Amino acid sequence: MAGRHEALVREHIKAYQIAQSLVNDNNQSEEVKQIATQFASFFLESMIAASLGTRLSFDSEYIPPNEYEQPPSVQIR
């Protein structure tokens with residue numbers, strides 16, 4: 001079990017670092033920076049909560065796979 005948690009922490013750290021790099025990248029739009037800031041905040045809070053053994057301040061929005069609906073496709077220019 002510890003191996004899975006360690007892998008999850010490593011991925012959270014990596015995702016947090018990517019989000020922070022987007023926030024600090026002057027070539028990114030303000031919209032991208034705002035979204036990246038939110039992701040960085042979520043990743044940071046979840047890492048801190050996991051290390052302290054506390055609950056997150058936001059509710060998870062887990063949807064069981066059998067209830068999940070595919071979102072509309074997004075066209076990339």
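The values are calculated or read from the model by the stated rules, or taken from the named source; none is laboratory data. Here the structure is a predicted model, which is why all the values come from computation and not from measurement. Cβ sites come from the backbone with ideal geometry, for glycine too, and all protein chains shown count toward neighbours.
Below are the figures for this structure:
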{"quantity": "Leading residue by the ranking (modelled with the lowest pLDDT) among those in segment 30-62 that are surrounded by 10 or more Cβ atoms within 10 Å (Cβ to Cβ) and of a type in the set (Gly, Ala, Ser)", "calculated": "50"}
{"quantity": "Boolean, residue 70 is out of contact with any Pro (no Cβ under 8 Å at 6 or more places or on another chain) and either charged (D, E, K, R) or at pLDDT 80 or above (or both)", "calculated": "no"}
